[in-house]
Amino acid sequence: MRDLAWVILAPPMLDATPWPQRHPLAGSDWVQAPQELADFLFQLDQDSRPLEEWLALASTRRLGRYYERLWQFAVQHAPGVEIIAANLPIRLGSQTLGELDLLLRDREGVHHVELAIKLYLGPQDGDGARPEHWLGPGSNDRLDRKLTHLSQHQLPMSARPESRAALAGL
């Protein structure tokens, strides 16, 4: 339950991005009634079985997938928010182009949300402001490469004709 609370309440990991950042629950009724969110989390703290059962449906040892599952649970329970699709593969023929992590609808409209959590080692010297100095677990995994992939591939994915075709099939 504490992982879920952290996912919902933690500030964005990046202060500034070239794309707009929007909290997945920004259009939820919990924004106007934060005590309802507190009550929801308190209930789960008293009895975490609903969350545990949800997570058990797609057990994973991968941090990113676990993070996505926590967000899916939160959005499913958030008043005023509806999940349209989660982990929707986008294909061109037999080739997978990518996946839409989360499509949701709230009072502000329909939103494509890419969910990511990764661990990077910061530089020993300097202020850490340059993303190319942050190294991930793989030898080619760096924060600047992840941000480029996010901005040039993942976020534009929902605007592709193949994505619109996949959504029409829901």
Give me the residue from the stretch 146-170 that is over 19 Å from the mean Cα position of the chain (by Cα) and in contact (Cβ under 8 Å) with a residue 40 or more places away in the chain and, out of that set, surrounded by the most Cβ atoms within 10 Å (Cβ to Cβ).
A166
Any residue that is outside any strand (DSSP E or B), within 17 Å of the chain's Cα centre (by Cα) and among the polar types (S, T, N, Q) - is there at least one of those in the stretch 129-145?
no
If we ask which residues in the stretch 48-80 are more than 19 Å from W6 (Cβ to Cβ) and either part of a loop (DSSP other than H, G, I, E, B) or among the aliphatic types (A, V, I, L, M) (or both), their number turns out to be 6
Looking only at residues in the stretch 82-128 that are polar (S, T, N, Q) and part of a strand (DSSP E or B), which one is surrounded by the fewest Cβ atoms within 10 Å (Cβ to Cβ)?
Q95
Going through G109, G80, G64 one at a time, which residue ends up being of a type outside the set (F, W, Y), out of contact with any strand residue (DSSP E or B) (no Cβ under 9 Å at 6 or more places or on another chain) and over 21 Å from L14 (Cβ atoms)?
G109
Counted residues, the stretch 59-109 - those being β-branched (V, I, T) and either at positive phi or free of Cβ contacts under 8 Å to residues at least 12 places away in the same chain (or both)
2
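All of the numbers you see were taken from the coordinates with simple rules; none came from a lab. These numbers come from a predicted model, not from an experiment. Virtual Cβ from ideal backbone geometry, glycine too; neighbours counted across all protein chains shown.
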